[in-house]
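The structure under discussion appears below in the form of structure tokens.
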Amino acid sequence: MPKPKAHRPARKRRDLGSIRRCSRRPGQRVRLIVYSSTNEQEGLPLFKLFTDVTGIKVEYVRASDAILMSRMSMEFRADQKSYDIVQTATINKMPLQMLAAYEPPEAGNISPDARDPNKRWYGVYANYNAPAFNTGKVKASDLPKSYEEFAQHKEWPARSPSTAPTTNGSRQSCSITGSRRASSW
């Protein structure tokens, strides 16, 4: 297996004005290749807005997190990286040498929990999964008042569609209840 190459130095940060000027150089084709697991209903309007503002065409490569991670790993090993930006929930699982360090101007407004301390990735949105229940099977008066109380109902997790532990679910439980209490469930 070939030895991983050292990461390339981060590109110089450009403001929106310099991006606009760069995108309008005569004869120069400027495009941004985005690998994303975001669905088309959310991603395409954002990329269109970016193109409308900057004039830079976005080439959107959409696939699942697992497929994108596999594709990027193969490209990295072959030294044939073809993406400019990655937008996926599993970005924090990528080896750091595959990601360039960059600090966007708004980085200070992003929660420290939602960004890499090495400036390799930044969270752009959060997904919140709220518990729901079948009113034909569970009375409102029987609903648990806390996550701990929910965990005491051994019959419920077996019927829950989200029983498998996930990074996001585990992190959510830990942030709400504290890691020691959440891991004891």
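The values are calculated or read from the model by the stated rules, or taken from the named source; none is laboratory data. All figures in this text were calculated on a predicted structure; none of them were measured in a lab. FYI the Cβ positions are ideal-geometry reconstructions off the backbone, even for glycines, and counts take in every protein chain you see.
A few notes on this one:
- Any hit, segment 37-47, residues being buried (at least 18 other Cβ atoms within 10 Å of the Cβ), out of contact with any Pro (no Cβ under 7 Å at 6 or more places or on another chain), under 18 Å from Asn127 (Cβ atoms) and touching a residue at least 40 places away in the same chain (Cβ under 8 Å): yes
- Candidates are the residues of segment 110-149 that are in a loop (DSSP other than H, G, I, E, B) and among the aromatic types (Phe, Trp, Tyr); the one that is farthest from Gln97 (Cα to Cα) is Phe133.
- Some residue of segment 109-130 being without any contact (Cβ under 8 Å) to a residue 60 or more places away in the chain, within 24 Å of Gln41 (Cα to Cα) and over 18 Å from the mean Cα position of the chain (by Cα): yes
- When restricted to residues that are surrounded by 11 or more Cβ atoms within 10 Å (Cβ to Cβ) and of a type outside the set (Gly, Ala, Ser), segment 139-151 contains 5.
- The residues in segment 56-83 that are farther than 24 Å from Asn127 by Cα and in a loop (DSSP other than H, G, I, E, B) can be counted, and the count is 7.
- Residues being exposed (fewer than 13 other Cβ atoms within 10 Å of the Cβ), assigned by TED's automatic domain parsing to the domain that holds Phe76 and in contact with a strand residue (DSSP E or B) (Cβ under 9 Å, 6 or more places away or on another chain) - total across segment 107-138: 1
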